[in-house]
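Values quoted throughout were computed directly from the atomic coordinates according to the rules given, and no laboratory measurement underlies them. Worth saying up front: this structure is predicted, and the values here are computed from it rather than measured. As a convention, Cβ positions derive from the backbone with ideal geometry for all residues, glycine included, and neighbour counts pool all protein chains shown.
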Amino acid sequence: MMQLSRFPRARLAHLPTPLEPLQALTAHLQGPQVYIKRDDCTGLAFGGNKTRKLEYLLGEAQALGATTIFSEGGLQSNHVRQTAAAAARLGLKCELVLSRNVPGRPQDYEVTGNIFIDRLLNARIHVCEPGEDRSARMAAEMDAARDRGEVPYHIPTGGSNATGALGYVSCMLELLDQARSRDLTIDHLVLASGSGGTQAGMAIGLSATQSGVRGIGIDIDNDGPQVMRDVRRIADDCCAKLGIPALPDGDFVLETGHARTGYGVPTPEMVEAVRLVARLEAILLDPVYSGKAMAGLISMIAEGRFRRDETVVFVHTGGAPGLFAYIDAF
Ligand SMILES: *Cc1c(COP(=O)(O)O)cnc(C)c1O
């Protein structure tokens, strides 16, 4: 139907990722049946949701003859960590342009967690000066690489564009297959939404298969309108790439209000959610995305937004290496 196989793809992820019931959490919350899709277990240098996007992005980069992969993000970006790993795996060079995008973090935020792993993976790191324009710096570093004879390939923040979103269209096909093979009816799917590519791919995968599953993104940027615009734009581009009609507005649902302190700034509800899921399920959420998304899910359950006989799948998008940069918050 969507013929994903016509797009070049580098095999990087351990797939399918497990789909598991969260029995203890379900009993504790006394709401709907909660399952987890373990996309934190995609396998590439601590895994996470970006690995699925990178399969299509690096597939395209290889098809174009790229020699150096460029990407960008904050100092604790999970996306750039997985990008550095994907490049290393495929024998490509990697350069990262990073900015300090979270106020009030302690000193070790700049050396531990994801950025430590970026260095282990041999990525070349450029950290922007305060006030420096990240896209201008990116353009300059890409020009410098071209001058050295490299063929650069640029991946936007979060790997969020039409090509990256294909990774989550494909994830939905995988998930619906898992549900079908065990006779499980999924009513709702919940995931953290930031740069929007994951939610865009989810919306397309759930809609184009007429799955009847309602996808819900949880805004972790504290900027609902912007996240919604990004999701919509990426989904429209991805539908065009797939040659299918654009989705109706109703296919995009974004829950806001769970990141009110801003991107990457801890909330008491996030700390609570990360602790709860660690203690009850021995699953490690992260402080920036999946912890806030789980806090959102917990509060939606408390508000009675789901029936007891419904099934909700929480997509764990990864990010646990970021915990080490947030020890102070716990
Ligand atoms: C990037 C990221 C997300 C959000 O995905 P987007 O496609 O950027 O919206 C969610 N969780 C984790 C752990 C991430 O690193």
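The Cα-based radius of gyration and maximum Cα-Cα distance (Dmax) for the range 186-275 are 13.8, 44 Å. Rounded to the nearest 10 degrees, the angle from helix 162-181 to the longest Cα principal axis of the chain is 30 degrees. Taking Cα atoms only, the orientation of helix 50-63 departs from the longest principal axis of the chain by about 40 degrees.
Within 10 Å of each candidate Cβ there may be at most 15 other Cβ atoms; applying that plus a DSSP loop requirement, which trypsin sites (Lys or Arg not before Pro) in the range 203-305 survive? Spell out each step's value before the answer.
Working: sites: Arg214, Arg229, Arg232, Arg233, Lys241, Arg260, Arg275, Arg279, Lys292, Arg305; in loops: Arg260, Arg305.
Those satisfying the criteria are Arg260.
Candidate cross-link partners of Lys53 among the lysines, defined by an alpha-carbon separation under 19 Å and a same-chain spacing of 8 or more, comprise Lys37, Lys93, Lys241. Dipole size of the chain about its Cα centre, with +1 on Lys/Arg Cβ and -1 on Asp/Glu Cβ: approximately 600 debye, rounded to the nearest 20.
Using θ = phi - 60° in the Karplus curve 6.51 cos²θ - 1.76 cosθ + 1.60, the 3J(HN,Hα) couplings for the range 192-202 round to 6, 10, x, 7, x, x, 5, 5, 4, x, 4 Hz; x is entered for Gly and Pro.
With viscosity 0.890 mPa s and temperature 25 °C, the Kirkwood radius over alpha carbon pairs of the range 50-159 converts through Stokes-Einstein to a diffusion coefficient of 176 µm²/s. Helix 78-90 and the long axis of the chain differ in direction by around 60°, with both axes built from C-alpha atoms.
Exposed loop GluC sites (Glu not before Pro) only (DSSP loop, at most 14 other Cβ atoms within 10 Å): please give the longest stretch of the chain free of them, not including the sites. Before the final figure, lay out the partial values.
Working: sites that count: Glu132, Glu303.
Between the exposed loop sites, the longest stretch runs 133-302.
Near the amide H of Glu255, within less than 5 Å, lie the amide hydrogens of Gly217, Ile218, Asp219, all on another chain or at least 5 residues away, with H placed in the peptide plane.
Suppose we keep just the DSSP beta bridges with both residues in the chain; what percent of those would be antiparallel, to 5?
Working: 3 of 35 bridges.
Just about 10 percent of them are antiparallel.
With r defined as the distance between the Cβ atoms of Arg180 and Arg146 and R0 fixed at 45 Å, what FRET efficiency is calculated, to the nearest 0.05? List each step's numbers first, then the result.
Values: r = 48 Å, r/R0 = 1.06.
For R0 = 45 Å, the calculated efficiency reads 0.40.
For the chain, what class follows from the C-alpha gyration tensor (a ≥ b ≥ c being the square roots of its eigenvalues): rounded when a/c is under 1.5, otherwise prolate if a/b is larger than b/c, else oblate? Since a/c reaches 1.5 but b/c is at least a/b, the shape of the chain is classed as oblate.
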